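Asker: I am attaching a structure below and will ask some questions about it afterwards.
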Amino acid sequence: MLIKKIIKTILPLILGGFLVWYSISKISINTLLQYFINANYFWIILGIFFGLLSHISRAYRWKFLLQPMGYKPKLTNSIMAVFVAYLVNLTIPRAGEVSRAGVMTNYEDIPFEKGFGTIVAERIADLLMLLTIVIITLFVQFNFIYDLLVNKINPTKIIVGLLILLLGFIFFSRLIKKSTSGFLFKIKTFVNGLLEGILSILKMENKWSFIFHTIFIWVMYVVMFWSTIFAIKDFNVPFGAVLVGFIAGGFSMATTNGGIGMYPIAVSGAFALFGVNEEQATAFGWIVWTSQTLIIIVFGGLSFLLLPICNKGKK
């Protein structure tokens, strides 16, 4: 079990290191440094500001899930717990949620399982928002995506593939519904939990405030990404490419610790579909990732230090 945990921690770091090397091989370090030196830091700072707003909104949104259970944590503790979670995720994949719930257990006396349950509900809401952005992107860029698929893949193969996926989904859904044990039953339990979490969000007392903050968080994510584009001189990116690049970058964050190495590759790869300059796209990916990660390191580190100071008398 210990070996398994070590492997799960070490492998993403090794993969991240390899991806950093691969990304740097596409653009020399000196060239990348020149992009950082010559960047317009007004736009980078503005992007950081939007990112910070999203984190604060996430911390504030959390109270709408905790209040129905009778807990009213201090906003400062909630904000610091969020930053601690992001910082931990940079070192140990998916451990941030555990540490976030642990912080509130220590400093706000919120039972761990209840705090962790609300974080899972938050993740469901965030997943729905990401899927919404994907759907919006498909509508906005429908002609481009359709032409891209038709030019690269035979239309007949697309139709056959979609039919196979549909039939497979129907067959798999029926198997899951009938399952009473084993792996399929675990999937059934997981899906039911997701649906229950979604319904609990819709039934909460302050659901409209929760929904507003959920939308606000993701709008800030997109605006943060979009505004940083202007930091690079003569970097022209169509809005459709912004959305596709944002989605690619979002999914890359789950691949390695905090998206290290993978984020610039994913963003530049998405931009390449629109004919955007690869060198500029790679530099942009590194600028966005570095600026946002730096904020996590600074505020996450400060949160670790300030939590016990601001909560004297607590564990």
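Asker: For the residues 32, 294, what sequence is obtained by ranking on other C-beta atoms within 10 Å, fewest first?
Answerer: The most exposed by this proxy come first: 294, 32.
Asker: Among 110-120, 230-240, how do they line up from the highest to the lowest mean number of other beta-carbon atoms within 10 Å?
Answerer: In decreasing order of mean packing, 110-120, 230-240 become 110-120, 230-240.
Asker: Turning to a different aspect of this structure: Given the range 247-315, report the % of alpha carbon pairs whose separation exceeds 13 Å.
Answerer: 68 percent
Asker: Using a 7 Å offset from the Cα along the Cα-to-Cβ direction at both residue 26 and residue 159, what is the distance between the two label points in nm, to one decimal?
Answerer: With each label placed 7 Å out from Cα toward Cβ, I get 3.5 nm.
Asker: Using per-residue counts of other Cβ atoms within 10 Å, averaged over each peptide, order 52-61, 126-135, 96-105 from highest down.
Answerer: Highest to lowest by the protection proxy: 96-105, 52-61, 126-135.
Asker: Compute the whole-percent fraction of alpha carbon pairs in the range 30-70 spaced more than 11 Å apart.
Answerer: 71 percent
Asker: Output wanted: per-residue J couplings in Hz (rounded whole) for the range 221-228, from phi through Karplus 6.51 cos²θ - 1.76 cosθ + 1.60, θ = phi - 60°, x for Gly and Pro.
Answerer: 3J(HN,Hα) across the range 221-228, in whole Hz: 4, 5, 5, 4, 5, 5, 5, 5.
Asker: A further question on this structure: How long are the three semi-axes of the equivalent ellipsoid of the range 24-131, in whole Å, if each is the root of 5 times an eigenvalue of the C-alpha gyration tensor, listed from largest down?
Answerer: The three semi-axes for the range 24-131 are 34, 15, 13 Å.
Asker: Shifting gears a bit: Can you tell me how much longer the chain between residue 127 and residue 109 gets when fully stretched, taken as 0.36 nm per residue apart minus their C-alpha distance, in nm with one decimal?
Answerer: 3.7 nm
Asker: Additional query: Excluding residues fewer than 8 places away in the same chain, name every one of the aspartates and glutamates whose C-alpha is closer than 14 Å to that of residue 72.
Answerer: 108, 109
Asker: Which entries of 114/312; 74/207; 186/207; 114/186 show an alpha-carbon separation above 27 angstrom in the structure shown? Could the numbers behind the result be given before it?
Answerer: Numbers: 114/312 24 Å; 74/207 20 Å; 186/207 29 Å; 114/186 21 Å.
The pairs that break the limit, which is 27 Å between Cα atoms, are 186/207.
Asker: List the residues whose amide H sits under 5 Å from the amide H of residue 255, counting only those 5 or more places along or on another chain, with H placed 1.01 Å from N in the peptide plane.
Answerer: Those qualifying (amide H under 5 Å, at least 5 residues apart or on another chain) number zero.
Taken together, the values in this text are just the output of simple stated rules run on the coordinates, not laboratory data. Model, not experiment: these values are computed from the prediction. With ideal geometry, Cβ positions are generated from the backbone for all residues, glycine too; neighbour counts draw on all protein chains shown.
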